[in-house]
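Bear in mind these aren't lab numbers, they're just calculated from the coordinates by the rules spelled out. Since this is a predicted model, take the numbers as computed values, not measurements. We place every Cβ from the backbone using ideal geometry, glycine too, and count neighbours over all the protein chains shown.
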Amino acid sequence: MMVDDLLDFGLPEEGLEIFGDRGIEELYPPQVDGVRSGVLDGRNLVLAVPTASGKTLVSELGILKSVFSGGRTLYIVPLKALAYEKFELFKEYERYGFNVGVATGDYDRSADYLSDMDVVVTTSEKADSMLRLGTDWIGDVDVVVCDEVHLVDSDRRGPTLEVTLAKLMMMNPGAQVIALSATISNAREIANWLDAGLVKSDWRPIELKEGVVFDDFIDFPFDGGKEVCSDEDDVATSLVRDAVLEGGQALVFTSSRRNSRGAAGRIVGSLDDLLSPMEEDRLMELSNDILDVDGVTEEGERLARYVRRGVAFHHAGLRNTHLRRIEKLFSSGDLKAICSTPTLAWGINLPARRVVVRDYKRYDPNYGMKPIPVLDVKQMFGRAGRPGMDPYGEAVLIAKNEVERDQLIDRYVVGDTENITSKLASEPALRSHVLSTIASGFAGSYSELMDFIDRTFFAVQNRPEDIQLLVKRVLGFLESEGFIEVDGFGLGSGSGFDATAIGKRVSELYIDPLSASRILERLSGRGMESDIEFLHMVCETPDMDTLYMRKSDYSRVESFLKENPRLKERGEMDDWFLSEVKTSLLLKDWIDEEDDGDICDWYGVSSGDIRRKASTAEWLLHSAAELSKMSMSLYINRLRNLQRRMQYGVKKELSDLVSISGIGRVRARELYKNGYRTKSDLHELIDNQSLVREVDGVGAKTIEKIKRELGGNE
Ligand SMILES: Nc1ncnc2c1ncn2[C@@H]1O[C@H](COP(=O)(O)OP(=O)(O)OP(=O)(O)O)[C@@H](O)[C@H]1O
């Protein structure tokens, strides 16, 4: 089917222009199936097709049809980076007078400012928080697109995604739901849940050869085989060099951060002779950028060194700025290889000629090393092949012997993906979503709550009596903690309930009700004195992912506790408690302006980890301050002060300086040392350029930024 034919199915003419500008003339087969299944007639649709087979365009058919008749779309993605990727794409609609917005983060900030938007791209967490805040325009949505709906299977994100979809469908019964998915075995079950038609296909725009390498030979069971034309000691390195020799790039997936660094370290040097002088120049530039942002940690320095030679590693511990730059340089072809943890496979579209899955086992705390799900391997495989650039994509697993090769072929090449399952049965997820469902008015009684839960994927897959048991347990907890009030005697089908004022606020703050109850208990207890006690308060909540205790951490943490008996009283000396204390100490070092490199060494973390922990702590301190307001606690100023320091990683006296964009903790300290302590002191600096030399790290560029910002504030 040609794009022009879409007019017969009701696509507005402008749609042809939009797709024409992207060079799209003919629809891919699954897109044709989407059209035939009624996506342009407002029908609900689940599209389960491989990565990069044009799912977005099918959703755009529904979106364009709707916005050209005055409708509004909510487009839900799993990750912030993806939200911005889609936002950039949909911004093309603005030339027809539509407003396109993006919303992520800031979970208790009102989203009313988006009420004029025709298309809003958001993450499932932000969509959930907008529902909790009672955002009016959410009840006026005509198309809901859910990208990567198979992530209902994810322990962390899945429950939020399914509850959000269920709420959106309940509020907007006439809205069209378009769910995009990887190829999963039980796609039909998802389609039944969403009352949708199903398009399921294995078609890909570019041929994908999937195979297993052993003894320098890649066995592609459906496409013959291939010798690897490179004989490095390390198999992954050979596979990468071989792909680059053929003019391609490679993505290497590893099971851990440490392995991603190790694999990149082995590749470095093997590509030197394959880089052009122009590529070398660009890589040098990126490498310097990395040093500029993070030259003090061993990892930042190592990343810069590798990038200079065409290779990078990529994992969630790195700074976001670095991750985005690495992705950009790989897309432009300058970087030849990235060694990454699997997160990259679920993120933005970053295709490569060859994908190497180096580790197919991952550590599981309950089972030890365990083979990863087929779905995960297929997702990584799916990143192979750049449409329009590569003749085909190759995806390869590595075997150590012939037996393993055959097993890997059976399981991951020939085998089916697993069924996906709801994760809403987990108690932390359920208590949070049950509270939010009551607090935001979706359910005022037990029977309404059960009606609502009946709309979730959880209810499709579980027996009603099991669900009731779990829900009752959670309701009992919420009542005993004072987050809901129940009418009548006991919890039964006749009982009605409402959230208390504090329960409503907990739901809006987007924290686990158990976190709130721990914080409230701490705030009402006997006087807290030191910073570390407040920091431990946030680290003992389930919302904080605490740091793992390494052997070398025990003596440090235990001797700290010896000197701080008040904190020691808070717990048993088990790993659980010690890791809370270790995390509190990291946060303390962050706000005391310890050097990034030292913090990374002391705690065994990466630079991005520090910022992510600090950001969670900042959110919890903000929540504690809000709860403190409601419970008349005396700590509000103290909490606000700590929250501000946590945001920037500084002592109190730098607060004024770091609020200026472009001035981070290190530059602020340098300015302070040189006598510039407030914004007004900085006026003097920008008026007198000769002073620039006095302050380390504050060059002409920064001065320009400060000038702009201070000018704008006046
Ligand atoms: N019919 C088509 N003809 C040519 N190119 C197309 C067509 N449909 C989509 N594309 C292009 O294919 C690329 C991949 O499409 P898209 O990102 O929508 O895939 P996807 O299935 O959503 O991928 P992912 O699984 O990563 O979300 C995009 O660059 C898109 O512009």
Please list 3J(HN,Hα) in residue order for the range 662-675, calculated via the Karplus relation 6.51 cos²θ - 1.76 cosθ + 1.60 where θ = phi - 60°; whole Hz, with x for glycine and proline.
x, 10, x, 5, 6, 5, 4, 5, 4, 4, 4, 4, 8, x
If amide H atoms are built 1.01 Å from N in the plane of the peptide, which residues on other chains or at least 5 residues away come under 5 Å of the amide H of Val102?
Val121
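Show me the chymotrypsin sites (Phe, Trp or Tyr not before Pro) within the range 8-91 that DSSP assigns to loop and that have at most 14 other Cβ atoms within 10 Å of their Cβ. If you can, show how the numbers build up before the last one.
On the way: sites: Phe9, Phe19, Phe68, Tyr75, Tyr84, Phe87, Phe90; in loops: Phe68.
Here no chymotrypsin sites (Phe, Trp or Tyr not before Pro) fit, given the DSSP loop and packing criteria.
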Among Thr254, Thr500, rank each residue by its count of other Cβ atoms within 10 Å, from fewest to most, as a rough exposure measure.
Thr500, Thr254
As I understand it, the dipole of the chain uses +1 on the Cβ of Lys and Arg and -1 on the Cβ of Asp and Glu, about the Cα centre. Which of Asn462, Leu514, Pro565 lies farthest toward its positive end?
Pro565
Which one, Gly101, Leu11, Ser59, projects farthest toward the positive side of the charge dipole computed for the range 1-101 from Cβ point charges (K/R +1, D/E -1)?
Gly101
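Highest mean first, what order results for 413-421, 547-555, 454-462 on Cβ atoms within 10 Å? Intermediate values should be presented prior to the final figure.
Values: 413-421: 16.3, 547-555: 13.4, 454-462: 19.8.
Averaged packing, sorted descending, gives the order 454-462, 413-421, 547-555.
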Would you tally the net charge around Val199, using a Cβ to Cβ cut-off of less than 13 Å, leaving Val199 out, and scoring K and R as +1, D and E as -1?
+3
Hey, for a label at Asp223 modelled as a point 7 Å past Cα toward Cβ, could you say which residues of the range 23-59 have their backbone N under 15 Å away?
51
For Asp216 and Met369, what does the FRET efficiency come to when R0 = 30 Å and r is the distance between their Cβ atoms, rounded to the nearest 0.05?
0.75
What net charge do the residues around Leu271 carry, taking every other residue with its C-beta under 9 Å from that of Leu271, with Lys and Arg at +1 and Asp and Glu at -1?
+1
Report, by chain and number, residues whose modeled amide H sits under 5 Å from the one on Gly393, excluding near sequence neighbours (fewer than 5 apart, same chain).
Glu207, Leu208, Lys209
Under unit Cβ charges (Lys, Arg +1; Asp, Glu -1), what dipole magnitude, rounded to 20 debye, does the range 287-431 have relative to its Cα centre?
260
Please list, in chain and number order, the residues 5+ apart from Val46 or on another chain whose amide H is under 5 Å from its amide H, with Hs placed from the backbone.
Ala179, Gly197, Leu198, Val199
Can you tell me the Rg and the Dmax, both Å, for the Cα atoms in the range 208-414?
16.3, 49
Hey, what do the phi angles of the range 81-98 turn into as Karplus ³J(HN,Hα) couplings, whole Hz, using 6.51/-1.76/1.60 and θ = phi - 60°, x for Gly and Pro?
4, 5, 4, 6, 4, 5, 4, 4, 5, 6, 4, 4, 6, 5, 5, 9, x, 8
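Roughly how big is the range 327-403's charge dipole about its Cα centre, with Cβ charges of +1 (Lys, Arg) and -1 (Asp, Glu), in debye to the nearest 20?
On the way: 12 positive and 8 negative charges, 9 e Å.
In total the dipole reaches around 40 debye.
With a ≥ b ≥ c taken as the square roots of the eigenvalues of the C-alpha gyration tensor of the chain, please select rounded if a/c is under 1.5 and otherwise prolate if a/b is larger than b/c or oblate if it is not?
Details: a/c = 1.41, a/b = 1.08, b/c = 1.30.
Rounded is the answer for the chain, as its axis ratio a/c remains below 1.5.
Can you give the local net charge around Ala52? Use residues other than it whose beta-carbon is closer than 11 angstrom to its beta-carbon, Lys and Arg +1, Asp and Glu -1.
Details: positive: Lys55, Arg204, Arg383, Arg386; negative: none.
Taking every other residue near Ala52 into account, the sum is +4.
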Under a cut-off of 19 Å between alpha-carbon atoms, report the aspartates and glutamates in cross-link reach of Lys472, not counting same-chain residues fewer than 8 places apart.
Glu427, Glu448, Asp451, Asp454, Glu481, Glu485, Asp487, Asp498, Asp512
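Mind ranking 575-587, 194-206 by how tightly packed they are, going by the mean number of other C-beta atoms within 10 angstrom, highest first? Could you put the intermediate results ahead of the total?
Numbers: 575-587: 22.2, 194-206: 17.5.
For the peptides 575-587, 194-206, the packing ranking is 575-587, 194-206.
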Considering the dipole of the chain built from charges on the beta carbon (Lys and Arg +1, Asp and Glu -1) around the Cα centre, which of Ser655, Ser185, Leu165 is farthest to its positive end?
Ser655
Looks like the range 3-200, by Cα gyration tensor root eigenvalues a ≥ b ≥ c and the a/c under 1.5 rounded cutoff (else prolate when a/b is bigger than b/c, oblate otherwise), is oblate
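Can you give the charge dipole size of the chain about its Cα centre, rounded to the nearest 20 debye, using +1 on the beta carbon of Lys and Arg and -1 on the beta carbon of Asp and Glu? Provide the component values of the computation, followed by the final result.
Working: 89 positive and 122 negative charges, 332 e Å.
In total the dipole reaches around 1600 debye.
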